[in-house]
Each structure stands twice: as structure tokens, then as C-alpha cells.
Amino acid sequence: MATTEENGTTVAPEDCELGTLMMDVSRGVAGIVMGRDDGVRVQLRPLNGGREWDADRVRHLTAREELNIRCAARDEMMRRRGL
């Protein structure tokens, strides 16, 4: 069952808001919540697009983690465009 760890509390997958940036605990990779699978898993997608994956355990990002991930995604997008 997918869980969200937030300040020591566990939240059910159906409580993960679509479009929220979350950390896949198993992979150590952040992704945007794209869907939920029968209360068992959460589907995540990389911030700059790409293939979705199922995550059994996710957690909210700290403010610092989210800022770092968003900046890295922006930098990658700028490199792709040659800017």
C-alpha cells in the first residue's frame, strides 16, 4: 500500500493530490502525482515529462528539496533548448 510520510503521520494514497510533487521513497526520485491505483499505489511522472512509474511509498518534499528539484528541472529544460 502506498503511503505518504509527513511529520511521522501516514496518509492514504487517495489523499495525495493530483499534480503534487512527491518523493518516491523506494527510488529516491521525485515526481508529479498523475494518478492513484486502487489505494495501493501512486503513479508519478518526472517533472520535465517522461514515462510514469508506480510508487508504493511516497512522501512530501521538504521546501529545500522541492526548490532544488524545480531548479534542476528548469536548468535541464534550458540546456535542451540551448539557452
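Just so you know, all these numbers are worked out from the coordinates, no wet-lab data involved. Just so you know, these numbers come straight off a predicted model, no measurement behind them. Quick reminder, even Gly has a Cβ in these numbers, built from the backbone with ideal geometry, and neighbours come from all protein chains shown.
Below are the figures for this structure:
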{"read-out": "Inter-label distance, nm, simple model (7 Å from Cα along the C-beta direction), ARG79/VAL25", "value": "3.1"}
{"read-out": "Spherically averaged projected area of the stretch 23-83 from its Cα convex hull (nm²)", "value": "4.3"}
